[in-house]
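Participant: Pasting in a structure now, in structure tokens, and then I'll have a few things to ask.
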Amino acid sequence: MATTKRKGLPEVWASSITAHLIGEHTCLFQPWMKAHYKPLDKRPKENPFDFVAWKVEHTKLMDEVAAKYNVQGWKLDREVYIRLKGQTCVFVGKADLIARKDKRVRVIDCKTGEPRDEHGAQVALYMITIPMVWQAPMLADF
């Protein structure tokens, strides 16, 4: 896969570093490459419909979860991009749902596959960075 160097600060995606943060992966070359270079082309998987099927299933799951929170009176934001510029890199992520009620906030990341430890680390990163992005304190609600 051909790549091109990113302009400006490296971009570190939450989903690219969570397995490293919990010690599941130890080689730091992959997240370093993803942070400093972006792909010019993305080769399709053997079955290009895999992504389409996953997207349909994921959207359906998000709709089901959102409906439950709506009934309980939570205000929901869908697919919230998080971008936090630091001195050495830009932290980037996308939370599936952010639910707010009173002064409480829940970060919800819908997963269609088996739960993994890195999923919890991803939500934790969002919970740490969102108050900095919003420049407002947040009372996490579990």
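The values are calculated or read from the model by the stated rules, or taken from the named source; none is laboratory data. Everything numeric here is computed off the predicted structure, so don't read it as measured data. As a convention, Cβ positions derive from the backbone with ideal geometry for all residues, glycine included, and neighbour counts pool all protein chains shown. Side chains are part of the model used for accessible areas, which takes the heavy atoms of the whole protein and leaves out ligands, DNA and RNA. Shrake-Rupley method; radii C 1.70, N 1.55, O 1.52, S 1.80 Å.
Participant: Of the residues Lys55, Lys103, which is exposed (fewer than 13 other Cβ atoms within 10 Å of the Cβ), within 17 Å of the chain's Cα centre (by Cα) and either of a type in the set (Val, Ile, Thr) or modelled with pLDDT under 90 (or both)?
Facilitator: Only one candidate qualifies: Lys55.
Participant: Being within 18 Å of His119 (Cβ to Cβ) and open to solvent by less than 50 Å² (accessible area, probe 1.4 Å) is the filter here; which residues of segment 1-22 pass it?
Facilitator: The answer is Val12, Ala14, Ser16, Ile17, Thr18, Ala19, His20.
Here is a yes/no grid of residues against (1) without any contact (Cβ under 8 Å) to a residue 24 or more places away in the chain; (2) part of a loop (DSSP other than H, G, I, E, B); (3) open to solvent by less than 40 Å² (accessible area, probe 1.4 Å):
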| site | (1), (2), (3) |
| --- | --- |
| Lys68 | yes, no, no |
| Tyr81 | yes, no, no |
| Thr88 | no, yes, no |
| Asp96 | no, no, yes |
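Participant: Just to be sure, is Val123 buried (at least 16 other Cβ atoms within 10 Å of the Cβ), farther than 19 Å from His58 by Cβ and either β-branched (Val, Ile, Thr) or at pLDDT 95 or above (or both)?
Facilitator: no
Participant: A follow-up question, please. Can you find, within segment 133-142, the residue that is modelled with the highest pLDDT among those that are loosely packed, with under 14 Cβ neighbours inside 10 Å and not in a loop (DSSP other than H, G, I, E, B)?
Facilitator: Of the residues in segment 133-142, the ones loosely packed, with under 14 Cβ neighbours inside 10 Å are 134-137, 139, 142.
Now restrict to residues that are not in a loop (DSSP other than H, G, I, E, B): 134, 139.
Details: Trp134: 89, Leu139: 77.
Result: Trp134.
Participant: Which members of segment 71-119 meet the condition of being among the polar types (S, T, N, Q) and under 23 Å from Gly23 (Cβ atoms)?
Facilitator: Within segment 71-119, Thr88 is the sole residue that qualifies.
Participant: Looking for something part of a helix (DSSP H, G or I) and in contact with a Pro (Cβ under 6 Å, 6 or more places away or on another chain) - is there at least one such residue anywhere in segment 31-38?
Facilitator: Yes, segment 31-38 has at least one match.
Participant: Any idea how many residues of segment 106-120 are in a helix (DSSP H, G or I) and open to solvent by less than 40 Å² (accessible area, probe 1.4 Å)?
Facilitator: Total satisfying the criteria: 2.
Participant: Can you say whether Gly73 is open to solvent by less than 80 Å² (accessible area, probe 1.4 Å), on the phi > 0 side of the Ramachandran plot and modelled with pLDDT of 95 or more, as far as the supplied structure shows?
Facilitator: Taking the combined requirement at face value, the residue satisfies it.
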